[in-house]
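The values are calculated or read from the model by the stated rules, or taken from the named source; none is laboratory data. Every value quoted in this text rests on a predicted model; they were computed, and no experiment measured them. Glycine also receives a Cβ, built like all others from the backbone with ideal geometry; neighbour counts cover every protein chain displayed. What goes into the accessible areas is simple: the full protein's heavy atoms, side chains included, and nothing from ligands, DNA or RNA. Shrake-Rupley method; radii C 1.70, N 1.55, O 1.52, S 1.80 Å.
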Amino acid sequence: NIVIPAFFCLFGVSSVEAAKYSVLEGGVENGGTVSGRITYDGTPPAVKMLKVDEDTEACGEDRPSEELLVNSSGGIKNVVLSIEDIESGKQWTLPEEFVYDQKKCTFVPRILLIKPKAPGVVLNSDDVGHNFHTISKGILNINKKMKAGAKVKVKEKKIRKSGIIRAKCDIHSWMKGWWFVAKTPYSV
């Protein structure tokens, strides 16, 4: 296993874009599934507190960071497991369209698993504006001011390839999230 920004673990990651995945006609008999539990070995560091210094009426008070959340039995929250370098296999079970929201100045969900080239929508359910900003290496880059109650549509095929997309708000510095665009449906 490798750890990518201290909370986001992947299995079988390849830095080279794999051949395009295709669904086998007629389905897959006795196909496999991905499941697992990633644990922290040792004593996890103390949870950092994030300073909420803008729009406190809408966003609330200071809050714990979600960069590394470890439960009492060592399990790490916000983890994606993925088997890659599979050329063909089972049907996709990820939603055909994704929804990513901003609620109480937090990204919901923190980690979003997306089917490649899927369309979707980014919502702002807050009573304050945000600046939704994604950062990636040629996957999808958005930098859009969003008024309260606004939404940004992501058109089909706008997400160009698989990989990791970092999401942030340039107004509220504590807001951080991640999109994982899967290469195969063998991802959870």
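Which members of the range 48-68 meet the condition of being assigned to a loop (DSSP other than H, G, I, E, B) and either open to solvent by less than 80 Å² (accessible area, probe 1.4 Å) or among the basic types (Lys, Arg) (or both)?
Taking the range 48-68 first, the residues assigned to a loop (DSSP other than H, G, I, E, B) are 48, 51-55, 60-62, 65-68.
Lys48, Lys51, Val52, Asp55, Gly60, Asp62, Ser65, Glu66, Glu67, Leu68 - these are the residues of the range 48-68 that are assigned to a loop (DSSP other than H, G, I, E, B) and either open to solvent by less than 80 Å² (accessible area, probe 1.4 Å) or among the basic types (Lys, Arg) (or both).
For the structure I just gave you, tell me whether Leu112 is in contact (Cβ under 8 Å) with a residue 40 or more places away in the chain, closer than 18 Å to Tyr21 by Cα and hydrophobic (A, V, I, L, M, F, W, C).
Details: in contact (Cβ under 8 Å) with a residue 40 or more places away in the chain: yes; closer than 18 Å to Tyr21 by Cα: no; hydrophobic (A, V, I, L, M, F, W, C): yes.
Against the criterion (in contact (Cβ under 8 Å) with a residue 40 or more places away in the chain, closer than 18 Å to Tyr21 by Cα and hydrophobic (A, V, I, L, M, F, W, C)), Leu112 does not qualify.
Give the range 116-138 a look and list any residue that's modelled with pLDDT of 95 or more, assigned to a loop (DSSP other than H, G, I, E, B) and not charged (D, E, K, R), or say none. Let's see the steps before the verdict.
Restricting attention to the range 116-138, the residues satisfying the condition of being modelled with pLDDT of 95 or more are 118-136.
Checking which are assigned to a loop (DSSP other than H, G, I, E, B) leaves us with 118-119, 124-129, 136.
The answer is Ala118, Pro119, Asn124, Ser125, Val128, Gly129, Ser136.
Tell me yes or no: at least one residue of the range 97-114 is part of a loop (DSSP other than H, G, I, E, B) and among the aliphatic types (A, V, I, L, M). Explain how you work it out, then say what you get.
Our first condition is that a residue be part of a loop (DSSP other than H, G, I, E, B); within the range 97-114, this holds for 97, 104-105, 109-110.
So of that shortlist, the ones also among the aliphatic types (A, V, I, L, M) come out as none.
No, the range 97-114 contains no residue that is part of a loop (DSSP other than H, G, I, E, B) and among the aliphatic types (A, V, I, L, M).
Any residue in the range 147-175 that's without any contact (Cβ under 8 Å) to a residue 24 or more places away in the chain: show its pairings with residues that are open to solvent by less than 50 Å² (accessible area, probe 1.4 Å) and among the polar types (S, T, N, Q) at Cβ separation under 9 Å, as long as the two are six or more apart or on different chains.
Between residues of the range 147-175 that are without any contact (Cβ under 8 Å) to a residue 24 or more places away in the chain and residues that are open to solvent by less than 50 Å² (accessible area, probe 1.4 Å) and among the polar types (S, T, N, Q), the close pairs are Lys147/Asn124.
Given (1) modelled with pLDDT of 70 or more; (2) within 20 Å of Ile76 (Cβ to Cβ); (3) open to solvent by less than 60 Å² (accessible area, probe 1.4 Å); (4) not hydroxyl-bearing (Ser, Thr, Tyr), identify the lone condition not met by Phe8.
If we test Phe8 against (1) modelled with pLDDT of 70 or more; (2) within 20 Å of Ile76 (Cβ to Cβ); (3) open to solvent by less than 60 Å² (accessible area, probe 1.4 Å); (4) not hydroxyl-bearing (Ser, Thr, Tyr), just (1) comes out false.
Of all residues in the range 80-105, count the ones that are open to solvent by 40 Å² or more (accessible area, probe 1.4 Å) and either under 15 Å from the mean Cα position of the chain (by Cα) or acidic (Asp, Glu) (or both).
6
So, in the range 69-96, how many residues would count as being assigned to a loop (DSSP other than H, G, I, E, B), within 22 Å of Met49 (Cα to Cα) and aliphatic (A, V, I, L, M)?
Qualifying residue count for the region: 2.
Sort out which residues of the range 154-176 are charged (D, E, K, R) and farther than 19 Å from Pro109 by Cβ, and write them in order of number. Break it down into steps so the answer makes sense when it comes.
We begin by selecting, within the range 154-176, every residue charged (D, E, K, R); these are 155-158, 160-161, 166, 168, 170, 176.
Selection gives Lys155, Glu156, Lys157, Lys158, Arg160, Lys161, Asp170.
For Lys161, work out the one condition from (1) part of a strand (DSSP E or B); (2) open to solvent by 60 Å² or more (accessible area, probe 1.4 Å) it doesn't fulfil.
The failed condition is (1).
Out of (1) aliphatic (A, V, I, L, M); (2) over 26 Å from Lys77 (Cα atoms); (3) in a strand (DSSP E or B), the odd one out for Ala148 is which?
Checking Ala148 against (1) aliphatic (A, V, I, L, M); (2) over 26 Å from Lys77 (Cα atoms); (3) in a strand (DSSP E or B), the one that fails is (3).
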